[in-house]
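Okay, structure first, notes after.
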Amino acid sequence: MTIAEALRQAIREEMRRDERVFCIGEDIGIEGGFGGAFTVTLGLSEEFGHERILDTPISEEGLTGVAIGAAMAGLRPIADVQYGDFLFNAMDQIANQAAKMTYMSGGTVKVPMVMRVPVGATRRGAQHAQSLEAFFTHIPGLKVVAPSTAYDAKGLLKSAVREDNPVLVFEHKLLYGSKGPRSEQGALSPIGEVPDEEYLVPIGQGTIRRQGHDVTIVGKLLTVYRALEAAEQLAREGIEAEVIDPRTLVPLDRDMILNSVKKTGRLVVVEEDNQTGGWAADIVAQVAEEAFFWLDAPIKRVSAPDTPPPFAPVMEQFYVPSTERVVAAVRSLF
Amino acid sequence: MPDSDVPLLDMYRTMLTIRRFEERCNHLYLQGRIPSTLHLYIGQEAVATGVCAHLGSDDYLYSTHRPHGHALAKGVSPRSIMAELFGKRTGCCQGKGGSMHVGDVNVGMFPAIAIVGANAPLAAGSALAAKRLTEDRLAVCFMGDGALNEGAVHEAMNMSALWDLPVIFVCENNLYAASTPLDRAFRSQDLAGRALAYGIPAVVVDGNDVEAVYQAAGEAVTRARRREGSTFLEAQTYRLCGHSRSDPRTYRSPEEEEAWQSRDPIPRLAARLKQSDLASDKSLAAIEQDVLAILDDAVAFAEESPLPEPTDTLDHVYWSGPAGQNNEVWR
Amino acid sequence: MATQVLVPPLGQTVDSVTLVAWYRKEGDTVMQGEMLFAIETDKATLDIEAPASGVLRQVSAQPGDEVQVLSAIALLAAADEKPESRPASRRLDTVSAHAPAQPQPEGQPEIRSERIFISPRARRLAEEHGVPWTSLSPTGPEDAIIERDVRAYLEALPEPRIAPVARRVIRTPEDSGQADDELLETIPVRGVRAVIAERMAHSSSTTAHVTLNSEADATALVELRRELVSDGLEISYNAVLLYVLGHALRDHPRLNASLVQDTISVWRRIHIGLAVDTDRGLLVPVLRDVGHKGLAELAAESQELTERARAGTCTPEELDGGTFTLTNLGMFGIDSFTPIINLPECAILGVGRIRTQPAFLGDQIVPRRKMWLSLSFDHRLVDGAPAARFLQRVVQLVERPHLLLA
C-alpha cells in the first residue's frame, strides 16, 4: 500500500484498539471532504463518527493545545496540521507546553499526544514547503519520527500512538502516494508491503536501506530515496555506499550510524532543509565527536541553501538536494 | 442572611491562608531565602476561593504565572508549594517547576502555565477529555485581563463553544496586565463581551466579594457538570501588590490603591461573618493562629527538606524510559 | 621552483633501501652536488648528492627508515618560497628558512605550506603498523594521505627476505615472550644482513652443492710471493690466488659459468668476486677481467676494492657481475671449509691457512708450507670429475707457480 494508506490503516487499527484514541485537525472528517490535506483520514469519520474524528476551525495553536490538554486528561489524540509550516503557529503549545509538561510536573503528568506533520517542497511556495524537523529535534521532551516507507509509516504511527510522550510524526508530501485530486507532481509514491497482522516499528530504531563499505549516507524522508539513487550511480563507479534511514530522529539510533561510519570511514548527511543550524549538523557533530579517528575524509552535508523554499520549479529543483548533488558530495570524499 | 449551604467560614480560612502565605513568601523573598521572583495573589483571594469551593479533586484546574492562590484553594498543600519555592526536592514539582509552575495532579491542578493565554486551549482539551471519559468532571481556566488579547484564548473559547465543552474561563480582571492598564490594551473594555461573541454565556462579578464569586461560579459549574457548555466569568478585582517582586507599582496611583484597599475581600468577609454571627473576633483570631501555624510548619518543612541532586536535572524529560539521548554523559 | 629529493634507482632488483644518514638538516642551505644523505642497499652504502641547491625542507625520512626508490624524502626549496604556492625563482637566501621573506599573495593566508595532512583513520592505521606516513604520497581529498595510501604502502612492502624461523627469532622482545633480561641484543634483519640471509638460504637450498677439498703444497708460492714483496711489490696472497684462478678458469671455462633458469651461460671473461668481511657483513666486490690482468694490477685493484668495501663506498656495479668467487678464511686459522656458492655462479673457491707441515721429500721429512683448497661447485652445471680436474689444475699452479708463466 502507499504511505497514505498505511497511515490510515494505522489510525484505524489504533482507534479500534483503544477508544481513547481520537483524531483532531482541520478538514479531517468533513463528509465529502478530503480526509485531511493528503487523504490520510479519508473515510475514518464514517466508521468512528465526528467526535473521534474531530474537525476544528482554523486554529493551529488552539487545536494543538486542545490535543495536549486532552492528552493530559486521559485521551490519546492524533492531531494534525495540514502543512508543517503551520506548526510555527503552535510552537508555544509544542515547545512550552507539551515538551515541558512532564518535566515541570516532576514526572507526574504525561502527554501522550501525536502530531502528524506533512513536510517537503511541492511547488506551493515558501510557506507551504518547509522541512522543519530540525526545530523539533532540538526540543527535549519530544520524540520525533520520520517514516519514509509504508511499512515504517504504519509501524511508527502505531508506536507513536502508544507512546506516553508527545511524538511528532513527520511525513513527506511527495511520499504519500495519494491518488486523485490530491496527488502530487513529482511524487515518488513508494508502494510497499505492509503486513496485515499487527506489528510495530519501535521508536528509536533506524534501518540500513542499503549495505556498503565505502561511504555512509544518512538521509530522512525524501532524501533517503535520493541517497539510494545516488548509491546506484556510485556503484557503477565502484563506490559502494551504505544508506541509513534513521526513521526516528529523536531518539536517534546513534549506534547504527557510528558503527557504519567506523566501517566506511566516510559520511554524507542529506537533508531537505536549509543547512545552517540544521538537522544534519547535529549528526555530523556527534560523529565527529564519537568516531573521529575512524574518519578517512571530512564529513559532508548535502542540504538546501539558507533560503526559504522558492516557488518556481527550476528554483525548487535547485533548492531541494538532488541525486546529483549527493553523488558529487560522495565523490569529493575520495 | 447568608445561604447555609455557602461555606463562608471555610472560604474565610482559605482566603486567609492564601493571604498569609503570600505575605510570608514576600517576607522570605526579601530575606533572600527564596531564589526566584514571585507573582503574588494578594487582593484577589476571593476569586480563587469562590470558584474552587465548587471543585472536587478530580476537576481540572489550569492556572497562570500567579498561581499560589489557585493552588492553595484547590488543595495543594502549603508544604509542597513552599518547598517548591525554595527549590527543594520535596516541592510539588520536585524543584523542577518553581513559583510559576506549582500544581499537583493529585488534587486536579496541573502545573501552572506561565505563558499568558496558553492554558486556555489546554483547559479546553482537558474539558474535552472530561466530557468523553467522565460523568461530570470539568475544567477551570484562570487567566488575567491581558490574556484576552492572546490568540490562543480566542481559539480556545471558540472551540469550547463549538463543542459545548465543560470548561469555565475565569478572567481575573485586575485592571492591569503587568504595568499596562486596560485602556492601553483594549479599545473595547467589554471583556465579557468577547466571550459572548463566541457564543459563551458570560457573567461579570465583583471579584472581591467571595459570595458573589461563589454564586456565579456555582452556576457555571452546574452548567458544566450538566454538559450544557462553557461559561465565562469576569471577576473584577485588584492586585494589592506589584506584578512581581521587582515592581514598585509607580504606574498606579496611590488613590486607586487606597480605594481598592478598602474593598479588601478578607476584612469584608470577616465583617460579614461577624455580622451574621458566624464568627467572632475570637474565633477569627483562632483561625488566624491556625493559619500561621500551618505556614510556620510549611516554611520549616521547606527549609529542612533536601536540595535536589544536580543530576536530578536529567530526570523526567520523558514520562518513561531514559532521559534525553545524550543526557547520560552528563551524569 | 622546489626540487624534490628523490631516492635514486639503484639497479634492477632494488625497490626499497634504508636511509642511513642525513648530512644536512632541515632548514640548512644546500649546494647542488654536495653529499646530502646516505642510503644502504643490500650490497653497499651510498652517498647521494643534492640534486639542486636550496633550503632543505619537508624531510620525511629518518635514519633507519626504509624508503621506496624514487620516493621523495625531502624538498629543496628556494629560501623565500613556500612549496606549492606559485613558482618562485630558485635563489639562495641565507635568511632562516622558516621566516617567509615575501608577503602572502592576495592577502589569502597560505596554510598548507609545510604540513602534511593525513586522515585520522589513515593515521591510526599507519601508527598501528609503524608506517612512516610522512613519506607517503597523498591521494585523498585536499591532498591528504588517506587509508588507501597507507594500505598501498603496506601491500607494496617487499616481502621481508627472512626465513620464517629467523623472523620469529628476531621479533621484538615483547613478541618472543621471553623475559627481557635474556636478550643481549636484537638485530633487525634488514639491509645487507637480510640479503645475505636470503641469498645464502637460497643458494643452500637450490644448488646441488658439492665441496672438493685438496691440500696444496704452497711452499713455492709462498717463496714467490716473498720475493715479489722484497722487490717492492705489494702482493697479497689473495692477489696471487686471483692470478692463479684467472689461469685455471681459462683452461676450465665450464667452471666460469652461471645457471639462469634452464640455461647455463659459460662466460667469456673472468670476473672474480673477492669475499670481504666488513662491519656490515659479508661483501663481495668483483675484480673484472682477471684473466687479462697482471699480478700487480690485480694486487692493487684487490686492495683498493677491499678497502672500499670495508668503508662501504663500493658502487653497486662493483658488487655485481661476478662469474666466480674467491673466499679466504686463512687469516682466521681455518684449515678448510664448505663455502656456499655465490649464485648464480657455478663455483667458489675457499682457501684455508698456510701451515708449516712435515712432508716427505724422498726419504727426508722436511717442513713444507701446506694450504687446503676447498672448491664448492654446483653439480647441476658441472660434474664431479670436471670440477676435480679444475681443482687439480689450481693445486698444480699453486704448487708450481712457474707454470703461470707458460
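Quick note: the coordinates plus some simple rules give every number you see, no bench work behind them. Since we're looking at a predicted model, the values are computed, not measured. All Cβ positions, even for glycine, are placed from backbone atoms using ideal geometry, and neighbour counts span all protein chains on display.
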Check cross-link reach from C:K25 to the lysines: straight Cα distance under 20 Å, and skip same-chain residues fewer than eight apart.
C:K82
For the stretch A:323-330, take each phi angle, set θ = phi - 60°, evaluate the Karplus expression 6.51 cos²θ - 1.76 cosθ + 1.60, and give the result in whole Hz per residue in order, putting x for glycine and proline.
4, 4, 5, 5, 4, 4, 4, 5
Expressed to one decimal in nm², the mean projection of the alpha carbon convex hull of the protein assembly as shown is 66.5
Across chain B, how many lysine pairs, 8 or more apart or on two chains, come within less than 26 Å at their alpha-carbon atoms?
6
Chain A: radius of gyration over Cα atoms, expressed as a fraction of 2.2 N^0.38 Å:
0.97
Set the Förster radius R0 to 60 Å, insert the Cβ-Cβ distance between A:R16 and A:F293 as r into 1/(1 + (r/R0)^6), and round the FRET efficiency to 0.05.
0.70
After finding the eigenvalues of the alpha carbon gyration tensor for the stretch A:207-331, what semi-axes result from the square roots of 5 times each, listed largest first in whole Å?
22, 17, 12
Averaging the inverse of every distinct alpha carbon separation and then flipping it gives the Kirkwood radius. What is it for the stretch B:205-331, in angstrom units?
20.2
By the C-alpha gyration tensor axes a ≥ b ≥ c (rounded if a/c is under 1.5, else prolate when a/b exceeds b/c, else oblate), the shape of the stretch A:1-132 is oblate
If you project the alpha carbons of the stretch C:224-330 onto their three principal axes, what span does each projection cover, largest first, in Å?
49, 34, 23
Rough spin-label spacing in nm, given labels placed 7 Å along Cα→Cβ, for A:Q286 and B:A197:
4.7
Would you tell me the mean number of C-beta atoms belonging to other protein chains that fall within 10 Å of each C-beta in B:310-320, as a whole number?
5
Using a 10 Å cut-off around each Cβ of peptide A:104-117, what is the average number of partner chain Cβ atoms that fall inside?
6
Where the convex hull is taken over the Cα atoms of the stretch C:208-405, what is its projected area averaged over directions, in nm²?
11.6
Inter-centroid distance (Cα atoms) of the stretch C:41-63 relative to the stretch B:8-42, Å:
87
Flagged links, alpha-carbon separation over 21 Å, of A:K158/A:K263; A:K220/A:K300; A:K143/A:K220:
A:K158/A:K263
The stretch A:73-89 versus the stretch A:123-138: alpha-carbon centroid distance in Å:
15
If we count trypsin sites (Lys or Arg not before Pro) as exposed when they sit in a DSSP loop and have at most 16 other beta carbons within 10 Å, what is the longest stretch of chain A that avoids them all?
A:180-334
Could you please report the charge total around C:L154, scoring K, R as +1 and D, E as -1 over all other residues with beta-carbon less than 11 angstrom from its beta-carbon?
-2
Computed helical MRE - 222 nm, the protein assembly as shown, DSSP H runs ≥ 4 contributing -39500 (n - 2.57), nearest 500
-10500 deg cm²/dmol
Could you pull out every residue, at least 5 positions away or on a different chain, whose amide H is within less than 5 Å of the one on A:L267? Hs are placed 1.01 Å off N in the peptide plane, and Pro or chain starts have none.
A:T216, A:K300
